[in-house]
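Novice: Quick one: the structure is below, and I'll ask about it shortly.
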Amino acid sequence: MRRIRLNATLFISRRRTLLKESTTSLKYHLRAKHIFADASKDASTETASSRVRQTTLAECSKAKSVNKATTTKLTHAIAKWIAVDCRPINIVEDHGLQGIIQIASDDPSYKPPARGTIVTRIHELFGSEKAKKAEQLAQATFIALTGDHWTSVSNHNYLGVTAHLIDDKWQLHSFALGVVKTEERHFAEACASQFLEVAKEWEITDKVTTIGPDSACNMIAAARSLPFEHMPCVAHIIQRVITVSLRDSGFDGALAKCHKIVGHSKHSPANTAELKLQQASHGQEEQSLVQDVPTRWNSTLEMIKRVQNNKDPLKATLAQQKHKLAMLTSAEYDRLAKLETLLEPCRYVTELLGGDKYVSCSVALPALCHLLRTMDVSDVDPAYIVRFKTAFTEDLNRRNENTNLLWLKVATALDPRFKDLRCLPRAEGEEVWQKLSEMLKDREPASQPSREEIEPEPPKKKKMALLLMGSESESDDEALSTDKTVDRYKAESSVGIEACPLQWWAAHTGAHGKLAHIAQRYLATPASTVPCERLFSLAGHIVQKKRSALSSENVNKLVCLSNWLKEK
């Protein structure tokens with residue numbers, strides 16, 4: 001019995017020792033790793049930043065976790081951001097993105113969605129947006145198309161197609177219909193078949209009015225074989241006229257020197273740095289030079305302007321070079337200044353006709369008339385200027401014969417800013433009004449809802465007043481018409497050049513219902529294929545070298561989705 005009591009005493013003593021050591025160890029651990037607000041005085045005197053420690057239970061209880069609804073919104077926002085700004089899918093795996101969202105959401109436990117989740121959301125977003133565009137196309141009465149081919153970095157060819165329409169509220173919409181990968185050779189028949197496939201996919205074959213391809217021979221032949229009106233790219237025509245006019249016009253020597261000087265500076269980092277130093281020493285802002293590229297519109301004009309702006313820095317830079325380059329002479333600088341005066345109106349008209357958020361088809365003829373006026377030969381023009389102006393006028397008039405002049409004339413007449421038709425001879429103006437009268441006889445009245453207030457279109461207003469100046473022909477205000485609707489429209493007071501034609505038609509639809517229906521058909525057509533060029537610029541941001549293995553289906557979805565979301 002005594003032995004049993006002794007063993008029990010020893011057991012209790014050892015248990016107390018173990019408990020004492022265990023609590024002491026726990027106390028040391030709490031002091032070292034967990035600092036509470038009500039901790040002992042010696043522990044509270046130490047700052048939290050004095051040691052590296054793990055997150056306490058109290059701190060974890062204070063952190064608010066992002067709820068399920070907010071997580072869903074974040075996932076949707078990330079998917080939309082990736083689609084709109086052309087970001088790669090694997091960006092969700094970046095630790096930096098995770099840290100930013102954790103700080104913004106005040107949830108250190110938040111983790112971005114997986115790549116598969118983002119891909120699924122993008123597909124769902126594409127499906128919902130495509131349904132909206134399909135409904136918009138189904139409600140439209142007239143649709144104009146533009147199309148062009150593009151080659152990716154992986155040497156795959158795609159056909160881009162954009163749609164342009166005016167809805168019942170007289171708002172202009174322009175968006176992509178598809179970027180379709182093509183496997184066949186670009187013969188005219190194949191190109192025409194591809195356009196028809198896109199139209200059939202969206203069920204708009206019977207609504208398409210015009211199709212505007214680029215100026216390639218196969219695309220022109222394809223457009224003419226389709227049952228739609230062919231609308232050539234007026235902006236491309238102007239650029240081709242400039243290229244032809246510069247040949248043997250007297251500017252070749254000065255432009256060749258500019259090309260060499262710019263290339264010498266841009267192809268050497270040392271030369272570029274020296275030019276920047278000279279710009280700073282001459283009190284000029286740092287400005288890089290621009291090289292002219294035959295396929296880049298207005299690049300010749302930009303090269304001339306940069307060279308003239310940096311005349312003194314370039315002269316000082318070239319004087320210090322071992323390999324001497326021929327510097328431009330004073331006479332050549334004078335020639336470049338005159339050439340800049342000639343090319344500046346062309347740049348303005350090209351940019352004006354390249355818009356897709358405002359009416360451009362009705363501006364084409366007044367813009368071309370303005371260009372022809374600027375190319376009138378005067379007695380004080382030197383011989384090389386006369387050669388340039390003569391070549392420009394002859395080539396532009398020749399190319400105008402191959403454009404859809406009738407469509408452009410009717411569109412100009414239906415624009416309340418240019419309905420006086422000062423850009424046309426009087427006889428041609430009377431033919432346009434007669435054509436409109438015939439259209440009205442063949443068309444049933446179409447009721448269109450009026451709207452007092454709509455969002456104004458954003459046309460380029462600078463220098464637009466120049467387009468109102470007439471040619472040598474007289475105004476046809478007194479021309480007779482066989483249709484009272486046309487007479488009533490012609491009797492309406494003219495609007496300013498800064499007015500929105502769509503807004504005007506929205507307010508006058510009730511008075512000109514049948515004519516408004518025709519205006520909706522003609523004014524929706526763009527004057528150029530620049531919308532497709534913008535689409536390919538967007539595609540270039542998506543199909544990069546690191547993403548060259550993207551499937552054609554995903555390329556189409558990403559490009560279209562980004563275009564649709566940016567439209568909003």
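Novice: Cβ-Cβ distance below 9 Å, separation of 6 or more or different chains: which pairs start in segment 65-80 with a residue that is in contact (Cβ under 8 Å) with a residue 12 or more places away in the chain and in a loop (DSSP other than H, G, I, E, B) and end on one that is of a type in the set (Asp, Glu) and surrounded by 13 or more Cβ atoms within 10 Å (Cβ to Cβ)?
Specialist: Ser65/Asp107; Val66/Asp107
Novice: Here's a follow-up. Which of the numbered conditions does Ser362 fail, given that it passes all the others? Conditions: (1) of a type in the set (Ser, Thr, Tyr); (2) in the same structural domain as Lys260 (by TED's automatic domain parsing); (3) crowded, with 21+ Cβ neighbours inside 10 Å.
Specialist: For Ser362, the failing item is (2).
Okay, residues lined up against (1) touching an Asp or Glu at 6+ places or on another chain (Cβ under 6 Å); (2) not in a loop (DSSP other than H, G, I, E, B):
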site	(1), (2)
Val290	yes, no
Thr295	no, no
Glu302	no, yes
Leu318	no, yes
Leu325	no, no
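Novice: Something else: For segment 136-186, give me each residue that is closer than 26 Å to Asn554 by Cα and assigned to a loop (DSSP other than H, G, I, E, B).
Specialist: The answer is Ser152, Val153, Ser154, Asn155, His156, Glu183, Glu184, Arg185, His186.
Novice: Only one residue in Val293, Val307 is among the β-branched types (Val, Ile, Thr) and within 22 Å of Thr329 (Cβ to Cβ). Which one?
Specialist: Only one candidate qualifies: Val307.
Novice: So, one more: Test Ala539 against the stated conditions and say whether it is of a type in the set (A, V, I, L, M) and surrounded by fewer than 24 Cβ atoms within 10 Å (Cβ to Cβ).
Specialist: Working: of a type in the set (A, V, I, L, M): yes; surrounded by fewer than 24 Cβ atoms within 10 Å (Cβ to Cβ): yes.
Yes: the conditions hold for Ala539.
Novice: Something else: Considering only segment 224-250, how many residues are hydroxyl-bearing (Ser, Thr, Tyr), crowded, with 17+ Cβ neighbours inside 10 Å and modelled with pLDDT of 90 or more?
Specialist: Applying the first criterion (hydroxyl-bearing (Ser, Thr, Tyr)) to segment 224-250 yields 225, 243, 245, 249.
Adding the requirement that they be crowded, with 17+ Cβ neighbours inside 10 Å leaves 245, 249.
Subset that is modelled with pLDDT of 90 or more: 245.
Looking only at that region, the number is 1.
Novice: Given the structure, is Ala104 modelled with pLDDT of 90 or more and either among the aromatic types (Phe, Trp, Tyr) or over 25 Å from Ala163 (Cα atoms) (or both)?
Specialist: Details: modelled with pLDDT of 90 or more: no; either among the aromatic types (Phe, Trp, Tyr) or over 25 Å from Ala163 (Cα atoms) (or both): yes.
When the stated conditions are applied, Ala104 does not pass them.
Here is a yes/no grid of residues against (1) surrounded by fewer than 18 Cβ atoms within 10 Å (Cβ to Cβ); (2) assigned by TED's automatic domain parsing to the domain that holds Ser551:
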site: Ser105; (1), (2): yes, no
site: Arg115; (1), (2): yes, no
site: Thr141; (1), (2): yes, yes
site: Ala144; (1), (2): no, yes
site: Thr151; (1), (2): yes, yes
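Novice: Those residues that are in contact with a Leu (Cβ under 7 Å, 6 or more places away or on another chain) and in a helix (DSSP H, G or I), I need them from segment 197-224; list them, please.
Specialist: Val198, the sole residue that qualifies.
Novice: Another question about this same structure. Within the set of pairs 6 or more residues apart or between chains, which connect a residue that is in the same structural domain as Gln434 (by TED's automatic domain parsing) and surrounded by 14 or more Cβ atoms within 10 Å (Cβ to Cβ) inside segment 477-494 to a residue that is in a loop (DSSP other than H, G, I, E, B) and at pLDDT 50 or above with Cβ atoms less than 6 Å apart?
Specialist: Tyr489/His512
Novice: Restricting the search to segment 201-255, which residues are among the hydroxyl-bearing types (Ser, Thr, Tyr) and touching a helix residue (DSSP H, G or I) at 6+ places or on another chain (Cβ under 8 Å)? Show your work before the answer.
Specialist: Taking segment 201-255 as the starting set, the residues that turn out to be among the hydroxyl-bearing types (Ser, Thr, Tyr) are 205, 209-210, 215, 225, 243, 245, 249.
Thr205, Thr209, Thr210, Ser215, Ser225, Ser245, Ser249 - these are the residues of segment 201-255 that are among the hydroxyl-bearing types (Ser, Thr, Tyr) and touching a helix residue (DSSP H, G or I) at 6+ places or on another chain (Cβ under 8 Å).
Novice: For segment 533-568, which positions are of a type in the set (D, E, K, R) and not in a helix (DSSP H, G or I)?
Specialist: Lys568
Novice: Hey, among Lys80, Lys132, which residue is assigned by TED's automatic domain parsing to the domain that holds Cys560, at pLDDT 90 or above, surrounded by 10 or more Cβ atoms within 10 Å (Cβ to Cβ) and of a type in the set (D, E, K, R)? Even if it seems obvious, please write down each step before you answer.
Specialist: Details: Lys80 fails: assigned by TED's automatic domain parsing to the domain that holds Cys560.
Checking each option against the conditions leaves just Lys132.
Novice: If you check Lys305 against the conditions, is it surrounded by 13 or more Cβ atoms within 10 Å (Cβ to Cβ), free of Cβ contacts under 8 Å to residues at least 40 places away in the same chain, in the same structural domain as Ile261 (by TED's automatic domain parsing) and farther than 12 Å from Ile261 by Cβ?
Specialist: So Lys305 passes the test.
Novice: With surrounded by fewer than 16 Cβ atoms within 10 Å (Cβ to Cβ), free of Cβ contacts under 8 Å to residues at least 24 places away in the same chain and under 30 Å from Ala524 (Cα atoms) as the only criterion, which of Thr341, Thr295 stands out? Let's see the steps before the verdict.
Specialist: Working: Thr341 fails: under 30 Å from Ala524 (Cα atoms).
Criteria check complete, one pass: Thr295.
Novice: Continuing with the same structure: Can you tell me which of (1) more than 30 Å from Ala144 (Cα to Cα); (2) of a type in the set (Ser, Thr, Tyr); (3) modelled with pLDDT of 90 or more is the one Ser268 doesn't meet?
Specialist: (3)
Novice: Let me ask something additional. Given the conditions (1) at pLDDT below 90; (2) outside the structural domain of Leu145 (by TED's automatic domain parsing); (3) within 23 Å of the chain's Cα centre (by Cα), report the number of the one that Gln284 does not fulfil.
Specialist: So Gln284 meets the others, but not (3).
Novice: Which residues, counting only those in segment 263-290, are among the aliphatic types (A, V, I, L, M) and surrounded by 18 or more Cβ atoms within 10 Å (Cβ to Cβ)?
Specialist: Leu275, Leu289, Val290
Novice: Continuing with this model, one more query. Of all residues in segment 163-186, how many are among the polar types (S, T, N, Q) and under 16 Å from the mean Cα position of the chain (by Cα)?
Specialist: Taking segment 163-186 as the starting set, the residues that turn out to be among the polar types (S, T, N, Q) are 171, 174, 182.
Checking the rest, the ones that are also under 16 Å from the mean Cα position of the chain (by Cα) come to 174.
Residues that pass the stated criteria total 1.
Novice: Return the total of residues in segment 337-393 being over 20 Å from Pro232 (Cβ atoms), in contact with a Leu (Cβ under 8 Å, 6 or more places away or on another chain) and among the polar types (S, T, N, Q).
Specialist: Number of matching residues: 1.
The values are calculated or read from the model by the stated rules, or taken from the named source; none is laboratory data. Please read these numbers as outputs of a predicted model, since none were measured by experiment. All Cβ positions, even for glycine, are placed from backbone atoms using ideal geometry, and neighbour counts span all protein chains on display.
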